[in-house]
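Here's the structure, in structure tokens; my notes come after.
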Amino acid sequence: MDISSTNSFDSHSLEQFVLDFLHEKETPAHDPVFKLLQGDGSKRTFWRVLIFSPDRSLIAMANPAIDAPSIAENNAYLRIGEHLRAKGIPIPEIYHFDLQKGWFLMEDMGKISLQDYALSTNNPMPAYKKVLRNLISLQIKGAEGFQTRWCCQTERYDRKVMLQYEANYFTRAFLHGYLHLKNECPELNPSFEYLAETASKSDNSFFMHRDFQSRNIMISGDEIGIIDWQGGRFGPLGYDLASLIIDPYTDLPSNRRKEILDEYLRLLDERRPDLSDSFMGHFYPLAVLRNLQILGAFSFLSKVMGKTYFEAYIPLAVKRLRELLGEISNTKISPLGELMEDVEMNLITQ
């Protein structure tokens with residue numbers, strides 16, 4: 001199948017890249033079928049490559065190495081992927097790659113995401129329990145031997161990331177860009193400083209995926225697959241768990257979110273009992289910071305990148321943020337809490 005209509009880069013050469021690999025592996029596939037997969041927030045393009053039957057497939061990815069960020073991202077995708085795979089983390093095996101062109105051919109982890117699964121069943125907890133076990137392994141084993149030179153963004157999730165890439169991103173992209181409020185909100189600085197100060201006290205020596213949400217977790221039978229790891233870095237345990245629990249794509253009810261949190265704490269106590277006692281002291285600030293990032297990203301993607309389907313998730317992300325702020329009793333959080341109450345009310349009445 002000709003894929004030239006799906007992207008502006010040299011797609012014919014990408015097809016040949018796949019065919020050369022299949023020929024090298026003596027896999028009969030004279031006319032593989034490329035099926036373009038639905039895009040998300042990334043600039044990367046993915047295809048499911050059907051080899052000689054619908055049951056045999058690979059995933060091809062193109063992220064043209066046209067600038068320094070894309071080159072760094074591709075390198076992180078490869079190096080972090082190789083590292084996690086060697087640690088036994090269930091990420092797809094990368095079979096073939098060309099870093100100069102930004103092409104990857106890898107294992108297909110299945111067609112059903114955790115989002116699909118969670119929305120199709122009344123009891124997704126069996127799958128979430130498997131995900132949580134893999135998350136803890138990712139966090140602990142992934143940190144062993146991890147090299148910060150592989151990172152394509154920052155080497156560590158720290159105070160600078162919290163303030164610049166989450167709090168400021170939220171203010172700039174959501175409050176100003178989406179809601180058309182003022183560009184600077186100094187009255188929110190005490191709230192942001194408190195969040196960053198508290199979250200910065202958490203141990204950030206673990207591997208952090210950075211986008212551990214339901215669309216990046218695949219379900220294939222009894223197996224779990226984790227994708228989109230290129231933003232990995234050192235960070236605290238609570239961030240990725242928060243990403244999973246407050247995920248707007250699944251809209252988990254409060255009792256289910258608590259069940260997932262309790263199960264994680266139980267598994268953490270089994271694996272690292274020295275960490276479980278202090279975990280909750282940082283969890284809600286980390287969850288709020290993650291929620292700020294979500295709102296910034298959804299606003300930017302919908303308003304600037306033209307990916308308007310993200311806009312549907314903004315009201316739920318606002319609601320979840322307000323709920324998370326209610327879990328923090330410190331008065332420094334009040335300015336942000338009061339603002340989000342007004343924002344939620346305005347979104348409801350629109």
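The values are calculated or read from the model by the stated rules, or taken from the named source; none is laboratory data. Please read all numbers here as calculations on a predicted model, not as lab measurements. For neighbour counting, all protein chains shown are included, and Cβ atoms are generated from backbone atoms with ideal geometry for every residue, glycine included.
Cβ-Cβ distances below 6 Å connect the following pairs, each with a first residue in the range 306-318 that is within 16 Å of residue 179 (Cβ to Cβ) and assigned by TED's automatic domain parsing to the domain that holds residue 291, a second residue that is of a type in the set (Val, Ile, Thr) and assigned to a helix (DSSP H, G or I), and a separation of six or more residues or different chains: 317/294; 318/343. The set of residues in the range 143-161 that are under 16 Å from the mean Cα position of the chain (by Cα) and under 25 Å from residue 223 (Cα atoms) is empty.
Within the range 112-141, restricting attention to residues that are among the small types (Gly, Ala, Ser) and either at pLDDT below 95 or surrounded by 16 or more Cβ atoms within 10 Å (Cβ to Cβ) (or both), the residue that is nearest to residue 226 (Cα to Cα) is 113.
Starting from residues that are of a type in the set (D, E, K, R) and not in a helix (DSSP H, G or I), keep the ones in the range 158-203 and report whichever is modelled with the lowest pLDDT.
Filtering the range 158-203 for residues of a type in the set (D, E, K, R) gives 158-160, 166, 172, 182, 184, 187, 193, 197, 201, 203.
Add one more test, that the residue is not in a helix (DSSP H, G or I), and what stays is 158, 182, 184, 201, 203.
Numbers: 158: 97, 182: 79, 184: 82, 201: 95, 203: 95.
For the range 158-203, the residue satisfying everything is 182.
Among 60, 76, which is the only one that is hydrophobic (A, V, I, L, M, F, W, C) and not in a strand (DSSP E or B)?
Working: 60 fails: not in a strand (DSSP E or B).
The unique qualifying residue is 76.
Please give the number of the condition residue 273 fails out of (1) surrounded by fewer than 21 Cβ atoms within 10 Å (Cβ to Cβ); (2) closer than 18 Å to residue 162 by Cβ. Condition not satisfied by residue 273: (2). Looking only at residues of the range 163-204 that are surrounded by 14 or more Cβ atoms within 10 Å (Cβ to Cβ) and polar (S, T, N, Q), we find that the one that is nearest to residue 308 (Cα to Cα) is 171. Just one of (1) farther than 24 Å from residue 63 by Cβ; (2) in a loop (DSSP other than H, G, I, E, B) fails for residue 241. It is (2).
Out of all the residues in the range 142-162, which are buried (at least 18 other Cβ atoms within 10 Å of the Cβ) and out of contact with any His (no Cβ under 8 Å at 6 or more places or on another chain)?
First, the residues of the range 142-162 that are buried (at least 18 other Cβ atoms within 10 Å of the Cβ): 142, 146, 150-152, 157, 161-162.
Those that are buried (at least 18 other Cβ atoms within 10 Å of the Cβ) and out of contact with any His (no Cβ under 8 Å at 6 or more places or on another chain): 151, 152, 157, 161, 162.
Of all residues in the range 323-336, those satisfying the criterion of being within 29 Å of residue 115 (Cα to Cα) and either of a type in the set (Asp, Glu) or surrounded by fewer than 18 Cβ atoms within 10 Å (Cβ to Cβ) (or both) are 323, 326, 327. When residue 305 is tested against (1) part of a helix (DSSP H, G or I); (2) within 22 Å of the chain's Cα centre (by Cα), only condition (1) is not met.
To keep it simple, each residue is scored yes or no on (1) outside the structural domain of residue 187 (by TED's automatic domain parsing); (2) aliphatic (A, V, I, L, M); (3) in a helix (DSSP H, G or I).
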position: 248; (1), (2), (3): no, no, no
position: 269; (1), (2), (3): no, no, yes
position: 281; (1), (2), (3): no, no, yes
position: 327; (1), (2), (3): no, no, no
position: 345; (1), (2), (3): no, yes, yes
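Of everything in the range 204-238, what is among the basic types (Lys, Arg) and either part of a strand (DSSP E or B) or at pLDDT below 95 (or both)? Give them in sequence order. Please lay out each step first, then the result.
Residues of the range 204-238 among the basic types (Lys, Arg): 210, 215, 233.
Within the range 204-238, 233 is the sole residue that qualifies.
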